[in-house]
Amino acid sequence: MEENGFRPKGFPELKNDTFLRAAWGEETDYTPVWCMRQAGRYLPEFRETRAAQDFFSTCRSPEACCELTLQQPVPYSLQPLRRFPLDAAIIFSDILVVPQALGMEVTMVPGKGPSFPEPLREERDLERLRDPAVVASELDYVFQAITLTRQRLAGRVPLIGFAGAPWTLMTYMVEGGGSSTMAQAKRWLYQRPQASHQLLHILTDALVPYLVGQVAAGAQALQLFESHAGHLGPQLFTKFALPYICDVAKRVKAGLQKAGLAPVPMIIFAKDGHFALEELAQAGYEVVGLDWTVAPKKARERVGKMVTLQGNLDPCALYASKEEIGRLVQQMLDDFGPQRYIANLGHGLYPDMDPEHVGAFVDAVHKHSRLLHQN
Ligand code: CP3
């Protein structure tokens with residue numbers, strides 16, 4: 001690739017647009033399917049490639065990210081794409097590259113997860129953060145990975161870009177890593193509401209050009225992960241998460257238009273945020289992702305055909321036999337109904353899951369949904 005040459009005008013023609021059609025609410029012949037955390041963790045190929053490198057160095061290498069993305073089982077011999085006929089690929093990266101680009105140190109500790117040696121403790125720690133306007137250029141390596149991957153995908157399936165939502169990123173920046181209670185981050189909300197809003201604004205300002213940049217680089221859909229929505233409950237969610245989720249969608253759409261880029265469907269996945277389902281359906285996203293604690297029929301009753309729903313098989317159901325997976329998928333598809341629906345798990349795959357069972361999940365969605373769509 002030549003200098004500045006990673007934003008070519010022409011990408012290979014898209015051959016399977018089922019995922020995009022469902023996301024936009026158009027009719028499809030079958031239900032498209034992809035899996036959160038499909039990019040590798042459970043595949044032996046991933047563990048072999050990954051073993052050689054530090055996680056965030058991998059994220060900084062467009063070649064490595066491209067290779068790991070193509071491990072997703074989309075049709076053809078590419079990694080998860082190399083194994084099963086998924087209907088979308090998600091770029092290999094991480095939500096924590098944004099706090100890094102804002103100047104925070106983050107490491108991935110094997111067996112433990114992400115760790116921030118110097119989390120935000122005091123209000124004045126916000127001064128340590130870089131100007132959010134520099135984030136998109138800091139994350140140019142992600143854009144390069146997206147462009148390269150979009151080319152190498154050769155139009156087999158659409159490529160999804162993503163980011164963490166402001167509240168979820170704030171939890172990591174304040175907690176310094178994972179937490180079962182989010183007590184430090186929630187302490188900020190109660191003790192320092194103004195500083196919390198300031199931080200959430202900074203994150204929103206960083207995310208908007210980052211997401212627009214992903215589309216400019218070749219992403220064909222965007223998913224925002226609000227993985228820690230459930231820790232908030234309705235009141236805090238309304239105050240500290242939802243307004244920023246709405247703002248991101250609104251500003252990304254305006255940003256795409258301003259840049260002369262075609263709109264892309266946006267997905268909001270607020271894990272354990274079922275209390276806010278109606279609000280999420282009106283937050284400016286074409287697709288609402290559901291975790292497995294929501295009954296599909298009830299979710300559909302609550303949002304109608306206003307948005308496309310995505311989800312929501314319990315990832316642990318993949319520990320069941322292939323026959324049982326088939327039965328569970330059938331029930332899920334019957335309950336969501338054939339249109340305005342993208343099949344997925346209710347959260348990510350776990351590293352010890354059997355790729356064959358992931359394949360059984362994907363096949364069951366395709367097989368059963370074709371029957372449903374015929375009726
Ligand atoms: O399909 C994919 O895996 C696509 C790429 C992707 C990664 N992280 C790569 C990754 C995506 C979409 C993410 C999102 C992400 N990262 C989220 C939101 C989704 C969710 O799970 O709720 C969150 C909260 C993170 C932060 C993060 N990254 C944690 C908590 C961990 C450690 C625990 C875990 O899930 O493995 C990571 C590590 C991580 N991110 C790995 C990968 C492939 C594993 C790295 C390794 O094994 O060394």
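Side notes on the structure shown:
- What a 1.4 Å probe finds exposed on the chain is 49% carbon and sulfur by accessible area, rounded to a whole percent.
- Chain lengthening between GLU123 and ALA259 when straightened (0.36 nm per residue, less Cα-Cα): 45.5 nm
- In the chain, taking the dipole from charged Cβ atoms about the Cα centre, the farthest positive-side position among VAL303, GLY273, PRO315 is held by VAL303.
- On a per residue basis, the range 206-301 carries 36 Å² of accessible surface, using protein heavy atoms and a 1.4 Å probe.
- Near SER93, once Lys and Arg are set to +1 and Asp and Glu to -1 for all other residues with Cβ below 15 Å from its Cβ, the sum equals -1.
- For VAL362, the accessible surface of its heavy atoms amounts to roughly 0 Å² (probe 1.4 Å, protein chains only, rounded to the nearest 10).
- Membrane-span-like helices of the chain, defined as complete DSSP H segments with a Cα extent of 18 Å or more along the helix axis and a mean Kyte hydropathy of at least 1.6, are absent.
- Cα-based convex hull volume of the range 180-294 per residue, rounded to whole Å³: 103 Å³
- Evaluated at q = 0.12, 0.13, 0.14 Å⁻¹: base-10 log I(q)/I(0), Debye formula over Cα of the range 33-187: -0.55, -0.64, -0.73
- Accessible area, probe 1.4 Å, largest first, for residues SER180, SER321: SER180, SER321
- For the chain, the relative contact order comes to 20 percent (Cα pairs under 8 Å, sequence separation of at least 6).
- Per the Kirkwood formula applied to alpha carbons, the chain shows a radius of gyration over Rh ratio, Rg over Rh, of 0.94.
- Positive contributions from Lys and Arg (+1) and negative ones from Asp and Glu (-1), summed over other residues with Cβ under 15 Å from the Cβ of LEU290, come out at -3.
- Full-stretch length increase - GLN53, ALA154 - with 0.36 nm per residue and alpha-carbon distance subtracted: 33.7 nm
- Debye intensity ratio in log₁₀ form over the Cα atoms of the range 246-285, taken at each q of 0.28, 0.30, 0.35 Å⁻¹: -0.94, -1.02, -1.20
- Accessible area ranking (1.4 Å probe, heavy atoms, ligands and nucleic acids excluded), largest first, for ILE202, ILE160: ILE202, ILE160.
- Inter-site label distance for HIS373 and LYS305 at 7 Å from Cα along Cβ, in nm: 1.7 nm
- Relative contact order of the range 279-375: 31 percent, from C-alpha pairs under 8 Å at least 6 residues apart in sequence.
The values are calculated or read from the model by the stated rules, or taken from the named source; none is laboratory data. Note that the coordinates shown come from a computational prediction; the quantities given were computed from them, not determined experimentally. Cβ: placed from backbone, ideal geometry, glycine included. Neighbour counts: every protein chain shown. Heads up: the accessible areas ignore ligands, DNA and RNA and are worked out on the full protein's heavy atoms, side chains in. Shrake-Rupley method; radii C 1.70, N 1.55, O 1.52, S 1.80 Å.
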